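For reference, the structure is listed below as structure tokens.
The values are calculated or read from the model by the stated rules, or taken from the named source; none is laboratory data. Note that the structure is a prediction, hence the values are computed from the model and not measured. Positions of Cβ are backbone-derived with ideal geometry, glycine not excepted, and every protein chain shown enters the neighbour counts. With ligands, DNA and RNA removed, areas are computed over all heavy atoms of the protein, side chains included. Shrake-Rupley method; radii C 1.70, N 1.55, O 1.52, S 1.80 Å.
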Amino acid sequence: MARTITPKDSVSTGRVTVAGWLLLMLGLAQIFSGQVPEWLGIGRSVAEQSALTSHPLVPLGPAFAIWGVIYLWALVGAVWGIRHPDNAALKVAWPHTAVIWALNSAWSIWVPIHGIDWVSFGIITVSLTAGLTGLMRLKRLSLSKSETGFVVAPLALVTGWISAATVVNFTSALVAAGLQPDPRQVMVSLGFLLGLIAFAGIMLRLTRSRLYAVPLVWALGWVAAANVQRQDVPLMAFTAVIGIGLLLALALTVRRRIA
């Protein structure tokens, strides 16, 4: 017997349809928000602000090219969501994803104008919390391959990247404020790097998402490259490479429920 669609079902579907369009708009907003300060002729670029607070945990510039993948998958996921408005995984994920896209837009405007400070750290911390919460809710579902690719992937990729970015934002804020411990000292940055690797490993096990590990491995690779280039801090490069190996090994043990 065909299932009768109730008014409640119609309202729910309508809300998720709106959510798909909201994700698309926020996905576009985060792409263009970083250009707003430049268009208005105010502040400095994120790259310039990052250079002002450089320390051994800051990756080489090419690391940030991953934003292209994150932006692209945000739009692809939003379009898929518009076409599948009644999807159960989308209903779970979209509020978390929307929070991240909105806060990414705010962060991209704040940092060029105000620099890497405690407000920017607060913004990115809320984003990280939203992403990890969403991934842990999604792991309870039996997911199809399309749901993994178009619902989980946009959330997992950005959450993995901002896991690394949160630590870098915090250490950069310490440098900008002239506070101790000073991440420009190698052993201090090494401590934060070890903390990042441990945190990433724990979250990988909790979220059971291999996609979450991808941007973290990418970030650690460019941290290693940055410290090889500096030549005077090989311990940072060595530790980052060990971290990559550990995360890859953990990722191989992860099992997500598939429908």
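A few comments on the model shown:
- Listed by first and then second residue, the pairs with beta-carbon distance under 8 Å, at least 6 apart or on different chains, first residue in the stretch 209-232 and more than 14 Å from Ala65 (Cβ to Cβ), second polar (S, T, N, Q), are Leu211/Thr148; Tyr212/Thr159; Tyr212/Ser163; Leu216/Ser163.
- Note on the stretch 135-187: residues that are of a type in the set (S, T, N, Q), open to solvent by 10 Å² or more (accessible area, probe 1.4 Å) and in contact (Cβ under 8 Å) with a residue 12 or more places away in the chain amount to 5.
- Flag for Ala106 being open to solvent by 20 Å² or more (accessible area, probe 1.4 Å), of a type outside the set (Phe, Trp, Tyr) and within 18 Å of Gly27 (Cβ to Cβ): yes
- Leu190 vs. criteria farther than 22 Å from Ala51 by Cα, part of a helix (DSSP H, G or I) and open to solvent by less than 30 Å² (accessible area, probe 1.4 Å): no
- When Gly191, Gly221 are screened for being under 17 Å from the mean Cα position of the chain (by Cα) and on the phi < 0 side of the Ramachandran plot, only Gly221 passes.
- Among residues that are open to solvent by less than 30 Å² (accessible area, probe 1.4 Å) and free of Cβ contacts under 8 Å to residues at least 60 places away in the same chain, Ile202 is not included.
- Candidate set from the stretch 224-253 (those that are more than 16 Å from Ala198 (Cα to Cα) and hydrophobic (A, V, I, L, M, F, W, C)); member that is most open to solvent (accessible area, probe 1.4 Å): Leu252
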